[in-house]
Amino acid sequence: MWLVLKYKKVGLAALLSQNDMQLVFTRTFRRAGLPVVYSDGFAGRVKMAFSPAPPYAVEVLNDAVFVELNDDLIKEREILERLNRFSIPGVVFTDVATYSKKPKVGDVIKCVVYKFYFVAEGRADINSNVLALNLDYSKRIFLKRGYWKMRPKRCELRVMKDGVLVYLWKSFSMPSYREVRDFLESFLKFEKVVRIATLVELEDGSLI
């Protein structure tokens, strides 16, 4: 049985890299007593897979890690209780779902959502119409860079009162986080960036 564990990484834990998180999860699984599956070899490792790594020092409110278990009788609620009891400060497990077989991580991850928060003192000076015009112009920039398949569902930008939501839908032509960030910072100042969610498709077609 494979699990998809949704978790958040905030505070000082945001400074942990993806390699650090692999060690954190391995120790947390062992301390929680979960029957995880290890790879073959002299020094076997826990069979797990990650969603695309977030940028360094960016807080994550909803990310995903996939791990294989030997026992399919453990209840999902019990798994969350065990993990949160032995997790490190700043890393909190929020949800869990199951797969009957190993998922293809590149296929089941459908979208990554970021939020760019405006600088507090500059919010009142932002003209939403000008911002919307600039965001619409971003499509032309992406097209010039070779993203010929790009449509609103590839990179969707929504203006909020306190920032901009960026939806990066999984596709061959999806622009990177850095390209979107560089474009927005060319005409706006931001206080911070947060990864809001990583949307994962389950076997029944629903998103978590």
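Values for this structure:
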item: All strands (runs of 3 or more DSSP E) inside region 1-105 with 1 or more residues being closer than 30 Å to Val180 by Cβ and small (Gly, Ala, Ser); result: 48-50, 59-68, 91-99
item: Residues satisfying the stated conditions in region 28-44, i.e. out of contact with any helix residue (DSSP H, G or I) (no Cβ under 6 Å at 6 or more places or on another chain) and either under 18 Å from Thr94 (Cα atoms) or surrounded by fewer than 12 Cβ atoms within 10 Å (Cβ to Cβ) (or both); result: Phe29, Gly33, Leu34, Ser39, Asp40, Gly41, Phe42, Ala43, Gly44
item: Among (1) modelled with pLDDT of 80 or more; (2) among the hydrophobic types (A, V, I, L, M, F, W, C); (3) surrounded by 12 or more Cβ atoms within 10 Å (Cβ to Cβ), the one test that Cys155 misses; result: (1)
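The values are calculated or read from the model by the stated rules, or taken from the named source; none is laboratory data. Treat the numbers as computed from the prediction; the structure is a model and nothing was measured. With ideal geometry, Cβ positions are generated from the backbone for all residues, glycine too; neighbour counts draw on all protein chains shown.
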